[in-house]
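Let me begin by presenting the structure, written as structure tokens, before commenting on it.
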Amino acid sequence: MKKFKLALWATLAATTLLTGNALAADVKNVAITAIVEHPALDAVRQGTIAELKKEGFEEGKNLKIDFQSAQGNTATAAQIARKFVGDKPDVIVAIGTPSAQAVAAATRHIPLVFSAISDPVAAKLVKSWEASGTNVTGTSDTLPIQPQIDLIKRLIPNLKAIGFVYSSGEVNSTVVLKQLQEAGKANGFTVVEAPAPRTTDISTAARSLKGRVDAIYTSTDNGVVSAYEALYKSALDAGIPLIAADTSTVARGAIAALSNNYYVLGEETGKIVGSILKGEKPGNIPVKTMDKLDLYLNLKAAKAFGVKVPQDLVDSAKEVIKE
């Protein structure tokens, strides 16, 4: 009888161990990194996690998430990338161009899903917008430039010069600068560059535009967006209206922004991650772009800058901050 009980206990113990191992194997590991934390990139991360839950992967149950921010430092982004590769997660999600480039440089095997990348081809993450055949795919927040120009001209009718404050080391921003310069030739305005290599340079860059431009346009540049309060203060002191391509900056001082919904962009990113966790190869998934833009307005900021916002723009806006 004693031998029978010992055998039974051994069987139960082995069964428990196997069951525990099976459960552990069912938990998927997703590593998420962002070049910096600011409202738009935070919304991408939140949307990704929310969509993963809809896809059947819930944090704390069958999903483990490790998130790390590079705090705007490309060297830190590279360190995070190497750590994540060493951890061997099922998927790495990289939000922002520098973080995605760091991960792409660190692995050719672990699935990499990028997000909030304006031009993944120019960033050399993929060779085209089609399925890459590699370990890399993702979502892009690329924006058509002409609707941006049309908005700026509606707000600043006598537009002759646009200032562009940007991080010169960020590929996203240099791509937008070229687009803006080309648009200027076709639309009768010049572009005055104001590079800000570090976030601490943003105020100085904005002040350098005083008396030289009619408006400052800001793209989805992560360095600029993360320090938008400083930019707003300098632009207000210089009397230069701010118009943006990131809706999260409207509450922080931009008069207007026509842009993607970054939470929805995150949801699209989550769909891609979910399909990979279910067995799809990232190389079979084309880069996803957004097809709908939202207009946000800040009438209080417009008043501070002395800009009158046409009523039809107010009527068509998704969100309006009142005076």
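A compact table of results
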read-out: Per DSSP, loop trypsin sites (Lys or Arg not before Pro) in the range 278-321 with at most 15 further Cβ within 10 Å; value: LYS278, LYS292, LYS308, LYS318
read-out: Radius 9 Å from Cβ of ASN135, net charge of other residues (Lys, Arg +1; Asp, Glu -1); value: +2
read-out: Distance (nanometres) between label positions extended 7 Å along Cα→Cβ at ASP312 and ASP291; value: 2.5 nm
read-out: Extension gain, GLU319 back to LYS185 (0.36 nm per residue minus Cα-Cα distance, nm); value: 45.1 nm
read-out: Amide H contacts of ILE32 (H built 1.01 Å from N, under 5 Å, at least 5 apart or other chain); value: ASP66, PHE67, GLN68, VAL93
read-out: Spherically averaged projected area in nm², based on the convex hull that wraps the Cα atoms of the range 83-141; value: 3.5 nm²
read-out: Whole-Å distance, taken between Cα centres, linking the range 88-119 and the range 284-323; value: 30 Å
read-out: DSSP bridge pairs, the chain: antiparallel proportion in percent, nearest 5; value: 10 percent
read-out: Whole-number percent relative contact order across the chain, with pairs defined as alpha carbons under 8 Å at least 6 apart; value: 20 percent
read-out: The range 55-150: GluC sites (Glu not before Pro) in DSSP coil with no more than 13 other Cβ atoms inside 10 Å; value: GLU58, GLU130
read-out: Average silhouette area of the range 152-293, convex hull of alpha-carbon atoms, in square nanometres; value: 9.6 nm²
read-out: Shape metrics for the chain, restricted to C-alpha atoms - Rg then Dmax, Å; value: 23.3, 97
read-out: Protein accessible area in the chain, 1.4 Å probe - carbon and sulfur %; value: 54 percent
read-out: Calculated [θ] (222 nm, deg cm²/dmol) that DSSP helices of n ≥ 4 give over the chain, each run adding -39,500 (n - 2.57); value: -14000 deg cm²/dmol
read-out: Neighbour cut-off at most 15 other Cβ (10 Å), DSSP loop, trypsin sites (Lys or Arg not before Pro), the range 36-136; value: LYS61, ARG108, LYS124, LYS127
read-out: Residue-count net charge about LEU177 - beta-carbon cut-off 15 Å; Lys, Arg +1, Asp, Glu -1; value: -3
read-out: Pairs of alpha carbons in the range 25-153 whose separation is greater than 20 Å (percent); value: 45 percent
read-out: Karplus-derived 3J(HN,Hα), 6.51/-1.76/1.60, for each residue of the range 147-159, Hz, glycine and proline x; value: x, 5, 5, 4, 5, 4, 5, 5, 7, 10, x, 9, 4
read-out: Average Cα contact separation per residue, the range 177-259, under 8 Å, 6 or more apart, as relative contact order %; value: 23 percent
read-out: Stokes-Einstein translational diffusion, the range 217-323 - Kirkwood Rh over all Cα pairs, 0.890 mPa s, 25 °C, in µm²/s; value: 159 µm²/s
read-out: Cα gyration tensor of the range 236-287 - equivalent ellipsoid semi-axes, whole Å, descending; value: 37, 10, 7
read-out: Residue-by-residue Karplus 3J(HN,Hα) for the range 254-271, coefficients 6.51, -1.76, 1.60, Hz, glycine and proline x; value: 6, 5, 8, 8, 10, 7, 6, 8, 6, 5, 5, 4, x, 4, 5, 5, x, 4
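The values are calculated or read from the model by the stated rules, or taken from the named source; none is laboratory data. Just so we're clear, the structure is a prediction, and the values are computed from it rather than from any experiment. So basically every Cβ, Gly included, is an ideal-geometry build from the backbone, and we count neighbours across all protein chains shown. Surface areas here come from the heavy atoms of the whole protein model, side chains and all, with no ligands, DNA or RNA. Shrake-Rupley method; radii C 1.70, N 1.55, O 1.52, S 1.80 Å.
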